[in-house]
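The values are calculated or read from the model by the stated rules, or taken from the named source; none is laboratory data. These numbers were taken from a predicted model, which means no experiment stands behind them. Note that each Cβ is placed from the backbone with ideal geometry, even for glycine, and that neighbours are counted across all protein chains shown.
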């Protein structure tokens, strides 16, 4: 290996080792983790809210268990169904846009080349350099080049509705099982409520921390936001349950 080749290789390694490069390569992997954290948050908050709402109306552990199980199952299926529908619509939209782009490349290749050149000119390249980049990218994979520049999508990879639905189902169920388990491990009604609240606080502290670290934000803010919303949810539902329970 010549000295020039070694230098180029060292530069490549230095680029790969940079923090920004690592962030870019990890972005796709972190998307599913971020979605999982949000799904778990939903499971924790909605299930704990329903459980405490029922606990405010009755001390019967069997009724609380039924309500909690129903909340976890219904919520998990609802989240999975919603995610599947949403991601399917996104996938269909991407495919339709790619088909339009494919027709335009076939019917007006020179116009599309000029359009791609224009996009790179807007990024600050000179007209001659933008033209060279557009020509070389078009020669390699015209559809991919236009999809990334114009549509912001990768023509080689599409989101999977099934995978998204499964991830949402598992995340919601995992989050919902935490307050459900805490609400049925003891018989004393007062202890049950405090234990459920403690489990929710601990789990939301963890998901808030993880979510903040993934997004590069300060963990304290994410944790406090999580806890405030959850405390409000549990407080309101418990008060409603207690009010309704006194009328039965």
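Considering each residue of the range 179-194, count those that are under 34 Å from the mean Cα position of the chain (by Cα) and assigned to a helix (DSSP H, G or I), and give that number.
9
Look through 99, 8, 104 and report the one residue that is part of a helix (DSSP H, G or I), farther than 24 Å from residue 226 by Cβ and at pLDDT below 85. Give the derivation first.
Numbers: 99 fails: at pLDDT below 85; 104 fails: at pLDDT below 85.
8 is the lone residue from the list that is part of a helix (DSSP H, G or I), farther than 24 Å from residue 226 by Cβ and at pLDDT below 85.
Please state which of the following conditions residue 54 fails to meet, knowing it meets all the rest: (1) in a helix (DSSP H, G or I); (2) at pLDDT below 90; (3) over 21 Å from residue 171 (Cα atoms).
(2)
Identify, please: which residue in the range 65-77 is within 9 Å of residue 180 (Cβ to Cβ) and buried (at least 22 other Cβ atoms within 10 Å of the Cβ) and is, among those, farthest from the chain's Cα centre (by Cα)? Walk me through how you get there before you give the answer.
Initial filter on the range 65-77 (within 9 Å of residue 180 (Cβ to Cβ)): 65, 68-69, 71-72.
After this cut, where a residue has to be buried (at least 22 other Cβ atoms within 10 Å of the Cβ) as well, the list is 68, 71-72.
Details: 68: 25, 71: 21, 72: 19 Å.
Ranking the candidates gives 68 first.
Going by the structure shown, is residue 25 at pLDDT 90 or above, touching a helix residue (DSSP H, G or I) at 6+ places or on another chain (Cβ under 9 Å) and either loosely packed, with under 15 Cβ neighbours inside 10 Å or under 25 Å from residue 207 (Cα atoms) (or both)? Talk me through it step by step, then tell me what you get.
Values: at pLDDT 90 or above: no; touching a helix residue (DSSP H, G or I) at 6+ places or on another chain (Cβ under 9 Å): yes; either loosely packed, with under 15 Cβ neighbours inside 10 Å or under 25 Å from residue 207 (Cα atoms) (or both): yes.
No.
Among the residues of the range 121-149, count how many are outside any helix (DSSP H, G or I) and within 32 Å of the chain's Cα centre (by Cα).
Quick first cut of the range 121-149, residues outside any helix (DSSP H, G or I) only: 123-126.
So of that shortlist, the ones also within 32 Å of the chain's Cα centre (by Cα) come out as 123.
Qualifying residue count, the range 121-149: 1.
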